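Colleague: One structure, pasted below without further comment.
Bear in mind these aren't lab numbers, they're just calculated from the coordinates by the rules spelled out. Because the structure is predicted, anything quoted here is derived from the model rather than measured. No Cβ is skipped: glycine too gets one built from the backbone with ideal geometry, and neighbour counts run over all protein chains shown.
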Amino acid sequence: MAKSNFLNLDNLSFQDFDENSELIPLMTPEDEELINNESLPESLPILPLRNTVLFPGVVIPITAGRDASIKLINDANKGGKVIGVVSQKDEAVENPTAKDIYKTGTVARILKVLKMPDGNTTVIIQGKKRFEITEVISEKPYLTATITDIPEAKPAKDNEEFRAIIDSIKDLSLDIIKESPNIPSEASFAIKNIESDSFLVNFVSSNMNLKVEEKQELLKINDLKERALQTLKFMNLEYQKLELKNDIQSKVQSDMNQQQREYFLHQQMKTIQEELGGGVSSGEEIEEMRARAKKKKWDDKVKEHFDKELAKMQRMNPQVAEYSIQRNYLDLFLDLPWNKFSKDKFDLKRAQKILDRDHFGLEDVKKRIIEYLAVLKLRNDMKSPILCLYGPPGVGKTSLGKSVAEALGREYVRISLGGLRDEAEIRGHRKTYIGAMPGRIIQSLKKAQTSNPVFVLDEIDKLSTGSQGDPSSAMLEVLDPEQNNEFYDNFLEMGYDLSKVMFIATSNSMNTIQPALRDRMEIINVTGYTIEEKVEIAKRHLLPKQLKEHGLDDKALKIAKPQLEKIVEGYTRESGVRGLEKQIAKMVRYAAKNIAMEEEYNIKISNEDVIEILGSPRMERDKYENNDVAGVVTGLAWTSVGGDILFIESILSKGKGTLSITGNLGKVMKESATIAMEYIKANADEFGIDPEVFGKYNVHIHVPEGATPKDGPSAGVTMLTSLVSLFTQRKVKKSLAMTGEITLRGKVLPVGGIKEKILAAKRARIKEILLCEDNRRDIEEIKPEYLKGLTFHYVKDMSDVLKLALTKQKVHNAKKL
């Protein structure tokens, strides 16, 4: 086939042609007129060109590489030297047929055939006239077709618009030659010396950087004025591109000069640092970061961001303050465990043994952890639940996190949220600030070196709100399984996946936790321990731990169960075991002192030794105080440190029927007293009370230990029983306690904290407990061994309470009302 070769044209000299050659590098109007008057043959051999279009008057070299094209050129060179030249529609077609070529082409004359050193045949041809293929009459050995002459419509010589177009083409051609570094300046002389308007248009069209399809469209235009106008449009576009390209190259050259200057300065600085022993240079530091980045398992988004930030650091001067900030930022990226996860251990029996080994009791919590492991084992991938262990201090909520981490085979991290009032502690600071740091969540993951640790959020109920934002609101994104797969840290400036982290929050109170935050967590109630559980915990965990911490072995001190029970009952008053551990530590210090001073002591502790070491028992005040006084009732209360009993006392004095309440009571308990009093007045006949009494006597209700604040919706039945006992002078049954709230209609309402209250009742040696019927399900959830020795009475109405609580006989020396 034939292929144009513009490079060969640059090396072509006029000496390559003999005196009989008809090379016309610059066509005159007379030459053009002569060519237009020539008649065309009826048929011509057709030479397809792959990537160019031949215009009338233009001389181009082409290289023939296909057998059919070579034969056509040889036959034509021996004959009349006239051929038809057309362009291919698709340059990839090796053997074009009639459907693969354009219909419009140019009659060309062969000026010279050259044998090139590489064995190819190069032919110099000059376009003469345009033609259109009528019919392809033969395809072997090469294409042959009948043709029709296409006349060219020329405007009048005095057409001012056409003259303006031609002048513009000349001027723009000179500008393009001037701006383009690839076109020799001698080309401007050729443009200036072209006299023929048609040849000027064709010459410029042939040498423009256009696609074959665009040049073919120009060739098809019969009207010379229209073709000149279209050519001028393409030239304007070409000139604009050329100007833009030159502007960009100028700017790039300026930037390169600046970069080279900075490079040389950095190289000098590097040499100075090495001479002064300044350590690692910035270049080495960047290369080290790049090498570390190749080992990271981050996704394409993170990698792209890191590469961008590393390139920014590379452009910085190491002496500026921002350089160290950028270095710290990239160090954080490299230190974070992107997509790095520890392998979970799914041995559920082993996990159960670890939980039982480290914690006695807490069956509900252990059950929930084992359920989580079971689901994770079956599914192998799940969003971690957000567990919140809720209960009084010292029951083992925080230490439970360590056991869970060991059971799962994960890393363990913990942060304390108590008193946190700065939102940036959670979300981090923007790195533009001085002293900016990532949030504590990201810092802890960096420390853990894994993206799926067991993460304990300690004291989540003690988050505070300050002038620096609301940390509890910032925790919403951390603890929301639907959002924390893209947790945004202000310092990191990217989302980090927290969905595989197992968060365990701990809390002493639910009241101070923001409702939206509480909604995102699964609340697991960790209640207090019974006396029996505390004794076992002391024996299994606390005593061995304290002996080890004080440098003693197991034989240095022995405390039997009866003595441990005495310590629990007489020296601690709590739901947890923190105070118990302090008392045991005091016992161990007693042994350590005697061993160090080489003095004799009883290794097996007796009851007398307990009193000698710890002093007289101080926690006997929560024992049940039996008496024969009307108006005294034992109630059950829930506190932040567990359950407790309290005594409600009522007394009458002559007056005008006022109601006084003391004992540092809250608003709810005062309302309960008022409701109880009004209920008694409304039902005085039923209780056998003379209504006139209410106007002759003042009533005073007191709850002892006035220094301790008391409030809560659980003292209604206790106050009503106390008042009815007072007005009727009937005493309350022995060893009886009660809890519940009432309405004005006398209905008993259920209350919370049942287990803690039951434990307090057992500590106080209570035998019978009155509860609302709706609290029966709470009792059924408690282990039977915890309920041993207790009798429960379930009531729905205050009349039931009074029947069970009050004796029929009046107290000795009852007042006459």
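Colleague: From the Cα gyration tensor of segment 531-614, with a ≥ b ≥ c the square roots of its eigenvalues, which class applies: rounded if a/c is under 1.5, or else prolate if a/b is larger than b/c, or else oblate?
Modeller: prolate
Colleague: Please report the relative contact order for the chain, taking Cα pairs under 8 Å with a sequence separation of at least 6, and give it as a percent rounded to a whole number.
Modeller: 7 percent
Colleague: Multiply the residue gap between Val136 and Ala374 by 0.36 nm, knock off their C-alpha separation, and tell me the result in nm, one decimal place.
Modeller: 77.6 nm is the gain from fully extending Val136 to Ala374.
Colleague: Please work out the FRET efficiency for the pair Asn698 and Leu310, using the Cβ-Cβ distance as r and a Förster radius of 60 Å; give the result to the nearest 0.05.
Modeller: 0.15
Colleague: In debye, nearest 20: dipole of the chain around its Cα centre with unit charges on the Cβ of K, R (+) and D, E (-)?
Modeller: Dipole of the chain, to the nearest 20 debye: 5800 debye.
Colleague: Calculate how many DSSP beta bridges within segment 348-525 are antiparallel, expressed in % of all such bridges and rounded to the nearest 5.
Modeller: Bridges in segment 348-525 that DSSP calls antiparallel: roughly 20 percent.
Colleague: Ranked from highest to lowest mean number of other Cβ atoms within 10 Å per residue, what is the order of the peptides 599-611, 365-377?
Modeller: With the highest mean Cβ count within 10 Å placed first, the list reads 365-377, 599-611.
Colleague: If you find the alpha carbon centre of segment 308-354 and of segment 419-434, how far apart are they in angstrom?
Modeller: 18 Å
Colleague: If packing is taken as the average count of other Cβ atoms within 10 Å, what order do 406-418, 685-697, 660-672 fall into, highest mean first?
Modeller: Highest-to-lowest ranking by the protection proxy: 406-418, 660-672, 685-697.
Colleague: Further question: With Cβ to Cβ distances under 10 Å as the rule, what net charge do the other residues near Pro750 carry (K, R +1; D, E -1)?
Modeller: Summing Lys and Arg as +1 and Asp and Glu as -1 gives -2.
Colleague: Next question, about the same structure. Relative contact order for segment 474-548: what percent, with Cα pairs under 8 Å and sequence separation of 6 or more?
Modeller: 23 percent
Colleague: Can you give the extra length, in nm with one decimal, that the chain gains between Glu522 and Ala321 once fully stretched, where that is 0.36 nm per residue apart less the Cα-Cα distance?
Modeller: The span from Glu522 to Ala321 would gain 67.8 nm if fully extended.
Colleague: Packing-wise, with mean Cβ within 10 Å as the measure, how do 553-563, 102-112 rank, highest first?
Modeller: 102-112, 553-563
Colleague: Could you check what % of the DSSP bridge pairs in the chain are antiparallel, to the nearest 5?
Modeller: Counting only bridges with both partners in the chain, antiparallel ones make up about 60 percent.
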